[in-house]
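Okay, so here's the structure we're looking at.
The values are calculated or read from the model by the stated rules, or taken from the named source; none is laboratory data. For clarity, every value in this text was computed on a predicted model and none was experimentally measured. With ideal geometry, Cβ positions are generated from the backbone for all residues, glycine too; neighbour counts draw on all protein chains shown.
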Amino acid sequence: MIFERRTYTLKPGQRAAFLQAQRDRGFAPVAPICERLLGYFVEPDPAGDRVVHLYRYDDFGDWQARLHGLYAVPELRPYFGTVRKLMARQDNVFLAPVPVPLLTPVWGPGRDWLPGQGPVPAAAGLDPAGAVLVEDSFLLRPGQALGFLDALASAAPPGAGSLGWFAALTGRLHRHVHYELFASRAAAEQARPTADLLPPARLAGWAAEHRRRLLLPMSDIGEMVPLFGTAA
């Protein structure tokens, strides 16, 4: 399986218009990709101009068939014309679960989750209106991935909110990303950061860069956050 992290950078002040475009379009016309959607998120800044969405696909063929198939749906043409005018930039990266079972509690050998199966275990009992997804991204130095993953697996078991560790398949390789759900922004900020599980000197040898982001579920529309149990 593969995962897509897609980011839309909206023109300033266009978040409300973007959400309204989703309501106006509805979700039946885009069912093929909603069947693989994990959720839409925004960074907690006042404008909310960066929309991050995550998908789980079977493989690249599944991604291509589902996404490109939408361009042949006539009723979606007005929607595409509307949202493209709202965007300043689009970016995406493909990810795969790392080959360490302890670090892949939801998606991995013998484990999977798709919309329609209820909330993902890490989201059970969480209110999407208050929940936070923490994204820890590490750009590893060449040749350091195995040592880094071994150290993580030995440091501590994943928390109850962990969605797993993923490695980039495109863009800057050697990038590893951890996603973890928390009940609130306060809980996310109080939690011990993933980077702190590793000795600072060793972490500096493994990773050239570390970035931590807080992502808020776009719970204005339930179909946009299937991780919490709302299927399109």
Residues within segment 195-220 that are among the hydroxyl-bearing types (Ser, Thr, Tyr) and over 17 Å from the mean Cα position of the chain (by Cα), tallied: 0
Checking residue 98 against (1) touching a residue at least 60 places away in the same chain (Cβ under 8 Å); (2) over 18 Å from residue 57 (Cβ atoms); (3) in contact with a Ser or Thr (Cβ under 8 Å, 6 or more places away or on another chain), the condition it does not meet: (2)
Test: residue in segment 96-114 that is among the charged types (D, E, K, R), more than 20 Å from residue 222 (Cβ to Cβ) and in contact with a helix residue (DSSP H, G or I) (Cβ under 7 Å, 6 or more places away or on another chain): no
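Considering only segment 13-31, state which residues are in contact with a Leu (Cβ under 8 Å, 6 or more places away or on another chain) and either crowded, with 17+ Cβ neighbours inside 10 Å or of a type in the set (Asp, Glu) (or both). Quick ask: steps written out before the conclusion?
So in segment 13-31, the residues in contact with a Leu (Cβ under 8 Å, 6 or more places away or on another chain) come out as 14, 17-18, 21, 25, 29-30.
Result: 14, 18, 21, 25, 30.
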Subset of segment 125-144 (residues that are in a loop (DSSP other than H, G, I, E, B) and of a type in the set (A, V, I, L, M, F, W, C)): 126, 129, 131
Among (1) touching a residue at least 40 places away in the same chain (Cβ under 8 Å); (2) farther than 22 Å from residue 176 by Cα; (3) buried (at least 18 other Cβ atoms within 10 Å of the Cβ), the one test that residue 8 misses: (2)
Qualifying residue in segment 145-164 (condition: within 21 Å of residue 42 (Cβ to Cβ), part of a loop (DSSP other than H, G, I, E, B) and either without any contact (Cβ under 8 Å) to a residue 24 or more places away in the chain or not hydroxyl-bearing (Ser, Thr, Tyr) (or both)): yes
Given (1) surrounded by fewer than 16 Cβ atoms within 10 Å (Cβ to Cβ); (2) touching a residue at least 40 places away in the same chain (Cβ under 8 Å); (3) over 21 Å from residue 121 (Cβ atoms), index of the condition residue 201 fails: (2)
Residue within segment 60-77 that is of a type outside the set (A, V, I, L, M, F, W, C), outside any helix (DSSP H, G or I), buried (at least 19 other Cβ atoms within 10 Å of the Cβ) and modelled with pLDDT of 95 or more present: no
Index of the failed condition, residue 110 passing every other in (1) of a type outside the set (Val, Ile, Thr); (2) touching a residue at least 12 places away in the same chain (Cβ under 8 Å); (3) surrounded by fewer than 18 Cβ atoms within 10 Å (Cβ to Cβ); (4) at positive phi: (2)
Segment 110-124: number of residues that are modelled with pLDDT of 90 or more and either under 19 Å from residue 57 (Cβ atoms) or part of a loop (DSSP other than H, G, I, E, B) (or both): 10
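Could you say which residue among 84, 89 is under 28 Å from residue 10 (Cβ atoms), basic (Lys, Arg) and in a helix (DSSP H, G or I)? Please lay out each step first, then the result.
Numbers: 89 fails: in a helix (DSSP H, G or I).
The match here is 84.
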Segment 199-219, residues that are in contact with a strand residue (DSSP E or B) (Cβ under 8 Å, 6 or more places away or on another chain) and either hydrophobic (A, V, I, L, M, F, W, C) or in a helix (DSSP H, G or I) (or both): 203, 206, 207, 208, 214, 215, 216, 218
Cβ pairs under 6 Å, 6+ apart, first in segment 33-44 and free of Cβ contacts under 8 Å to residues at least 12 places away in the same chain and in a strand (DSSP E or B), second buried (at least 23 other Cβ atoms within 10 Å of the Cβ) and β-branched (Val, Ile, Thr): none
